Amino acid sequence: MSFHDDESSDQGLAGQSKLESFLFSCELSSKVPFYTFQGDEEEDLEHFLELRTICLGEGVKEESNVVEVTAMNHQGKTISVPIANLHISCLPMVSLGEFELKAPVTIRLKAGSGPVTVSGLHLIASQVEDSDLSDEDDESEEEDEEEEEEISPIKPAKKKQRQ
């Protein structure tokens, strides 16, 4: 899935970015208590982690499993925040909506032994050059024309005559 997103209407075409999304998942347990999400070091790419669900895995014990994330706040300081406290008997899964964090992000099983699965989307934002936009516009126009040609008009059903 990819789409164009205007960062600012004042910048015109030069301010457009391309956003690609990929499925993300990691499993935390007493053996692997944390996972650090980092993006590539390319200059023109920004990596985001959009957390969607956290759920207990098969074989989990009767205990609380606390999941926390560590990331940077708006001042550039690293902070840790608990985002879920799961228990098999009352809350085995939580939906976070679209909880988006900029890389790097560390997800930690703060309490409990798991297994806990954290899932969501890995989002990659990149700047789109003017030539890339014009190529994509041409392709989408061609696809629209092909779709129009393939669609045949809807004809009414023929009625059967009773004998």
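A few remarks follow.
- When L91, L101, L45 are checked against the criterion of being under 14 Å from V118 (Cβ atoms) and aliphatic (A, V, I, L, M), L101 stands alone in meeting it.
- Selection within the stretch 48-106 - of a type in the set (D, E, K, R), open to solvent by 50 Å² or more (accessible area, probe 1.4 Å) and under 18 Å from the mean Cα position of the chain (by Cα): R52, E98, E100, K102
- When the stretch 14-47 is limited to residues that are open to solvent by less than 30 Å² (accessible area, probe 1.4 Å) and part of a loop (DSSP other than H, G, I, E, B), the one that is nearest to A103 (Cα to Cα) turns out to be G39.
- When A84 is tested against (1) in contact (Cβ under 8 Å) with a residue 40 or more places away in the chain; (2) assigned to a strand (DSSP E or B), exactly one condition is not met: (1).
Okay, residues lined up against (1) under 30 Å from E42 (Cβ atoms); (2) at pLDDT 65 or above:
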| site | (1), (2) |
| --- | --- |
| S64 | no, yes |
| A71 | yes, yes |
| I79 | yes, yes |
| L101 | yes, yes |
| P115 | no, yes |
| V118 | yes, yes |
| L121 | yes, yes |
| S126 | yes, yes |
| A157 | no, no |
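The values are calculated or read from the model by the stated rules, or taken from the named source; none is laboratory data. Small disclaimer: the values here were computed from a predicted structure and weren't measured. Because the Cβ atoms are built from the backbone with ideal geometry, glycine has one as well, and the counts that use them run over all protein chains shown. Surface areas here come from the heavy atoms of the whole protein model, side chains and all, with no ligands, DNA or RNA. Shrake-Rupley method; radii C 1.70, N 1.55, O 1.52, S 1.80 Å.
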